[in-house]
Structures are given as structure tokens and as C-alpha cells.
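These notes concern the structure reproduced below.
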Amino acid sequence: MPMEHLMLGISAESGDWETALPDAEFDKALARVPVFDIRVSAGNGREPWDERPISALAFRRDYLKRYVDADQLVIFRVDGDSMEPFLCHDDMLMVDQAQTEPRDGLFVVRIDQQLLVKRVQVAGRDKLILTSANPAYAPIEIDTNKEKDGFAIIGKGVWIGRNI
């Protein structure tokens, strides 16, 4: 069965993806979400080394429409074990960069130069608690008044993918 049929429900006579589905039709039906060679730490923190996408994964636009803007989605790899069993080392985490307001949920955050993936809990007007799924890692308290320059919410985790 041709890939176009599986992904889009269409068939291609040639069986060749490039000739069967021109870029304009591909872009109308599918969104390319960039995959970055940046690992978000599910541990004690990791500094980003490269900020260029290394590839992209295609998702149906009708699936992604639940997010604010498909152009704001990026995919990072998870590094470490602090979010296990929910997130595992080498999982892919799709992050919606349009969702940066502090609220309860799974977020990628920056503390100084380190990127972390943690559960964010709002614990008052100016206080956030970042927690791990793995109890071996202590919660991190963030006072947003004191940490303004060294802390930022990069985006909300909205999808995970992993190898089995």
C-alpha cells in the first residue's frame, strides 16, 4: 500500500512520493514539524548546543488544528530519567511554543542556560513548582519575580513519540 494512501487516504499511480504528491498538496494536507538536535533534560538540566532543525516529522493538519498554530510546534528529544515512566530517555516531545503562560501541565522550561522538561504547578501568584515523575528528583521552586532573566517557559508538551 503506498505511503500516500496511509497518510492522506489518496492513491498514487507511480508509487513515488515526490511525483505522486507535489509539495503544494503535501503542505496543504500535512504540516512539517521541525525536529531539533536539542535535548531537553529529564534530569538535572542540559545546555542546548545547536538551534537548527535536523529534520522534520509530518503530521496531518486536521490532527494539529487543536493547537494554536502548527508553525509554533517543535520537537525535542528527552534526555535522562527524571520524568520516567511518563517520559523516557530518547522520547520525542512535541512542544507548542505558543503556550508559554504559567499554568499546571507538562512544559519545557529554561533555567539559566539549561532546558528541562517538568510538570509545572502554579503555587501562588509568583511561585511555580517544577516536579519530576521520578521521586528521586526533588521539586524545584521558582519565584518568578526573582528568576525573570534566568527563567522562561519555552512551551507546553503536547505529544510524545517513542520507539518500542
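The values are calculated or read from the model by the stated rules, or taken from the named source; none is laboratory data. Computed from a prediction, not measured in an experiment: that's the story for all the values here. Cβ coordinates were reconstructed from backbone atoms using ideal geometry, including for glycine residues, and neighbour counts include every protein chain displayed. Calculation scope for accessible area: heavy atoms of the full protein, side chains included, ligands and nucleic acids excluded. Shrake-Rupley method; radii C 1.70, N 1.55, O 1.52, S 1.80 Å.
Which fully enclosed strands (runs of 3 or more DSSP E) of the range 68-160 have 2 or more residues being open to solvent by less than 20 Å² (accessible area, probe 1.4 Å), touching a residue at least 24 places away in the same chain (Cβ under 8 Å) and within 16 Å of ARG39 (Cβ to Cβ)?
On the way: elements: 73-79, 92-96, 105-111, 114-122, 127-131, 140-143.
Per the criteria, 73-79, 92-96, 105-111, 114-122.
Is it fair to say MET92 is in contact with a strand residue (DSSP E or B) (Cβ under 9 Å, 6 or more places away or on another chain) and more than 30 Å from LYS28 (Cβ to Cβ)? Don't jump to the end; show me each part of the working.
Values: in contact with a strand residue (DSSP E or B) (Cβ under 9 Å, 6 or more places away or on another chain): yes; more than 30 Å from LYS28 (Cβ to Cβ): no.
The answer is no for MET92.
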